[in-house]
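Taking it in order: structure first as structure tokens, then the write-up.
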Amino acid sequence: MHTRGNDYLSRIITSQNGKEYDYRNYDGMKKAYVIWILPQVAKKRDGHVNQISSKLENISGSTIERLESYDKSEQIMISKRSMRVVIGSRHR
């Protein structure tokens, strides 16, 4: 599912090319989201909510990039057999 989500996010972002941004100016690129609702999960995964997003880690040096410059995609996976508890809050 994570790999499929990456594929969907890539398509969403590249579909913005020529509309929100172009090859000369990437600043207009909007953040893309994929939200998976998985109602048929193994019992051990029931109730799990996972988030996958970009993270900057400096390997060498101390350059600090603005979050907006690299945080362009996010996946949220909701594994819940009954959605009435999860919708509306991340922490229920």
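The values are calculated or read from the model by the stated rules, or taken from the named source; none is laboratory data. Just so you know, these numbers come straight off a predicted model, no measurement behind them. Glycine gets a Cβ as well: all are built from the backbone with ideal geometry, and neighbour counts include every protein chain shown. In case anyone asks, the SASA skips ligands and DNA or RNA and just uses the protein heavy atoms, side chains included. Shrake-Rupley method; radii C 1.70, N 1.55, O 1.52, S 1.80 Å.
Data overview
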quantity: Percentage, to the nearest whole number, of Cα pairs in the chain over 23 Å apart; calculated: 42 percent
quantity: Electrostatic dipole magnitude of the chain [Cβ: Lys, Arg +1; Asp, Glu -1; Cα centre; debye, to 20]; calculated: 700 debye
quantity: Accessible area per residue, Å², the chain with all protein chains present, probe 1.4 Å; calculated: 80 Å²
quantity: Cα principal axis extents for segment 1-54, largest first, Å; calculated: 49, 15, 14
quantity: Helix 2-14 axis, angle to the chain major axis (alpha carbon atoms, nearest 10°); calculated: 40 degrees
quantity: Separation between Cα centres of segment 1-19 and segment 27-86, rounded to whole Å; calculated: 14 Å
quantity: Contour excess over end-to-end distance, with Cα ends at Lys44 and Arg4 and 0.36 nm allotted per residue; calculated: 12.2 nm
quantity: Nonlocal Lys pairs with alpha-carbon distance under 24 Å, segment 1-82 (8 or more apart, or different chains); calculated: 10
